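**Q** I am attaching a structure below and will ask some questions about it afterwards.
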Amino acid sequence: MRGAGGRRGALASSAALAAFVLGACQIAPATATPTPAFTPTPTVMVPLSTLLPPLPALPTATATPEPAVSPTQALPPQAGDLILHEDFTANERGWPLHATRGGTVAIAAGQLTFALKEPLASMAVLLAESVPADGYVAVTARSLLCDAPKNEFGVVLRAEGDRQYRIGFACDGSVRFERYLGPGLEGASAWRPTPSLLPGAPAENRIAVVFAGSQFTAYANGVAVLSYTEPLIEAGQLGLFARTERSTLLTVAFDDLDVRSLAAASP
């Protein structure tokens with residue numbers, strides 16, 4: 001039987017052995033492995049147009065410009081040789097320009113302009129040069145301000161003082177023949193609608209008249225729009241006019257006045 005010293009030595013040996021075994025079996029702490037950061041892969045966008053068949057090319061529309069109104073546009077067969085041309089760059093022909101309470105007539109910017117500002121106002125100017133009793137007259141009329149349908153402008157024919165004829169073109173696109181045998185309107189034909197005349201303002205029209213004996217034929221932009229027979233006045237001066245009805249404002253400018261003789265009749 002061992003003594004107390006022997007037992008203490010055995011216990012010390014056992015404790016040392018246990019310590020050795022535990023030390024050998026100790027597990028070292030695990031080291032975390034860093035996870036690599038996520039990098040998104042870019043998405044390639046395929047255009048939709050590459051997945052569809054191409055559309056056929058559409059034809060390009062080309063705008064066709066409207067022909068401008070020409071001073072010599074659509075001359076009627078009766079029109080003969082040119083007698084005079086007036087472009088109103090200056091008042092070399094002595095047009096009687098004037099101002100009244102009802103309005104003014106002036107030449108400016110290459111135009112003869114009537115500006116009326118009262119109801120029932122009427123203004124006319126006559127060419128100082130004589131013209132044949134029979135002939136053709138054409139002028140470009142630019143209506144700049146028309147505040148009533150029957151405000152009118154046009155050509156004076158065979159004027160002898162207060163006796164004269166007028167071909168009136170109204171702001172609503174109609175035309176009529178007028179007779180003056182005194183200071184006021186003595187008689188007139190009915191207004192006739194004229195599709196070839198551009199109505200309103202601003203508008204530009206080439207108006208013309210063939211006058212031969214007692215027969216008068218009016219044209220708007222090359223289209224015959226009125227024929228009238230009137231035998232009372234055989235000759236006289238030629239001119240231009242403007243007239244308001246029961247409104248107050250009318251402004252019209254005339255340009256490129258042509259006067260022609262009548263063409264010789266074919267045998």
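**Q** With surrounded by fewer than 17 Cβ atoms within 10 Å (Cβ to Cβ), among the small types (G, A, S) and at pLDDT 95 or above as the only criterion, which of A170, A190, A159, A201 stands out?
**A** That would be A190, the only listed residue that is surrounded by fewer than 17 Cβ atoms within 10 Å (Cβ to Cβ), among the small types (G, A, S) and at pLDDT 95 or above.
**Q** Moving to a separate point now. Does L226 satisfy the criteria of being under 30 Å from T89 (Cα atoms) and modelled with pLDDT of 95 or more?
**A** Considered against the rule, which asks whether it is under 30 Å from T89 (Cα atoms) and modelled with pLDDT of 95 or more, L226 comes out as no.
**Q** Of the numbered conditions (1) of a type outside the set (A, V, I, L, M, F, W, C); (2) modelled with pLDDT under 95; (3) under 33 Å from the mean Cα position of the chain (by Cα); (4) farther than 19 Å from F254 by Cα, G184 fails exactly one; give the number of that condition.
**A** (3)
**Q** Moving on to the next point. Taking the stretch 218-240, which residues are part of a loop (DSSP other than H, G, I, E, B) and over 31 Å from the mean Cα position of the chain (by Cα)?
**A** E230, P231, L232, I233, E234, A235, G236
**Q** Moving to a separate point now. Of the residues that sit in the stretch 73-121 and are on the phi > 0 side of the Ramachandran plot and either touching a His at 6+ places or on another chain (Cβ under 8 Å) or hydrophobic (A, V, I, L, M, F, W, C) (or both), which one is modelled with the lowest pLDDT?
**A** A74
**Q** Condition first: outside any loop (DSSP other than H, G, I, E, B) and either within 17 Å of G173 (Cα to Cα) or within 26 Å of the chain's Cα centre (by Cα) (or both). Now tell me which residues in the stretch 247-260 satisfy that.
**A** Those that are outside any loop (DSSP other than H, G, I, E, B) and either within 17 Å of G173 (Cα to Cα) or within 26 Å of the chain's Cα centre (by Cα) (or both): L250, T251, V252, A253, F254, D255, D256, L257.
**Q** Continuing with this model, one more query. Can you name the number of the only condition in (1) among the hydrophobic types (A, V, I, L, M, F, W, C); (2) surrounded by fewer than 20 Cβ atoms within 10 Å (Cβ to Cβ); (3) within 26 Å of D256 (Cβ to Cβ); (4) in contact with a Cys (Cβ under 9 Å, 6 or more places away or on another chain) that L144 fails?
**A** Evaluating L144 over (1) among the hydrophobic types (A, V, I, L, M, F, W, C); (2) surrounded by fewer than 20 Cβ atoms within 10 Å (Cβ to Cβ); (3) within 26 Å of D256 (Cβ to Cβ); (4) in contact with a Cys (Cβ under 9 Å, 6 or more places away or on another chain) leaves (4) as the failure.
Conditions tested, residue by residue: (1) acidic (D, E); (2) assigned to a loop (DSSP other than H, G, I, E, B).
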{"residue": "A159", "(1), (2)": "no, no"}
{"residue": "Y165", "(1), (2)": "no, no"}
{"residue": "V175", "(1), (2)": "no, no"}
{"residue": "E178", "(1), (2)": "yes, no"}
{"residue": "L197", "(1), (2)": "no, yes"}
{"residue": "A208", "(1), (2)": "no, no"}
{"residue": "F216", "(1), (2)": "no, no"}
{"residue": "A242", "(1), (2)": "no, no"}
{"residue": "E245", "(1), (2)": "yes, yes"}
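The values are calculated or read from the model by the stated rules, or taken from the named source; none is laboratory data. All values derive from a computational prediction rather than experimental measurement. Don't worry about glycine lacking a Cβ; one is built from the backbone with ideal geometry, like all the others, and counts go over all protein chains shown.
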